[in-house]
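Working notes, beginning with the structure itself.
None of the figures in this text is laboratory data; all of them are computed from the coordinates on show. Quantities reported herein were computed from a predicted structural model and do not represent experimental measurements. All Cβ positions, glycine included, derive from the backbone under ideal geometry; neighbour counts span all protein chains shown.
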Amino acid sequence: MHSSNRVNSLTEGVSRLDFDDDMGPGDCQIMECKCGMPLCICVAPSQSTNTPNPQPTRAPVALPQSDPKTKSDTSAKSKGSTSSSNARLALNPGLDNPQRDYEVNGEGLREAIKNGDIAGVKKLLKEGVDANYHDKQGMSVLHLTALFNKTDIALMLMEHGASLEDKNAQGETPVDCAPATLQYKMREKMEKMMST
């Protein structure tokens with residue numbers, strides 16, 4: 001159902017509610033609401049026995065909540081964002097093709113990283129582009145990858161000899177620039193590489 005149809009349906013439901021025009025200021029009841037997905041059910045509290053003229057109990061009003069499907073779809077999509085490139089490529093062979101043609105140099109590699117183009121980075125590294133390329137600001141491509149939180153690309157660059165010791169103009173290593181999860185994965189990758 002489209003949101004405009006839901007709004008119209010809700011508006012019609014509210015307009016049909018029976019409100020007493022003769023209620024006084026002391027006759028107002030506070031509704032007790034227990035919210036749950038996907039609807040919020042509000043029920044009037046039970047009447048006490050010492051009330052002389054108890055008001056008739058109204059039917060519960062159901063208020064729409066946000067669509068739970070939308071939230072779960074979004075979280076399911078984000079969970080796969082840090083999977084390994086091999087698993088991702090196996091599931092989606094279209095990732096073997098670069099998004100576009102890049103110059104076969106450090107600037108081309110930098111552009112592929114900025115675009116998140118795993119296949120483009122892979123192709124450029126196979127063509128011999130230096131995994132330790134530094135741009136005009138002194139940032140290595142591994143620094144850039146860490147800033148953009150591109151796990152698959154960072155690990156790929158490390159496999160091709162990108163240094164974790166290079167420092168940018170602020171004296172930070174690529175690991176220093178990475179978010180915590182990527183820092184952990186980079187250190188873990190380095191330990192595995194050193195042990196083999």
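Across segment 178-193, what is the total count of residues that are free of Cβ contacts under 8 Å to residues at least 60 places away in the same chain and of a type in the set (S, T, N, Q)?
Total meeting the criteria: 1.
Could you check segment 103-157 and list, in sequence order, the residues that are small (G, A, S) and out of contact with any His (no Cβ under 9 Å at 6 or more places or on another chain)?
Listed by number, the residues that qualify are G108, A112, G116, A119, G120, G128, G138, A146, A154.
Going through segment 103-136 one residue at a time, which ones are assigned to a loop (DSSP other than H, G, I, E, B), within 14 Å of A154 (Cα to Cα) and of a type in the set (A, V, I, L, M)?
A131
When the residues of segment 137-161 are narrowed to those that are on the phi < 0 side of the Ramachandran plot and assigned to a loop (DSSP other than H, G, I, E, B), which ends up surrounded by the fewest Cβ atoms within 10 Å (Cβ to Cβ)?
Only one residue tops the list, namely Q137.
For segment 117-124, state whether one or more residues are acidic (D, E) and surrounded by 21 or more Cβ atoms within 10 Å (Cβ to Cβ).
yes
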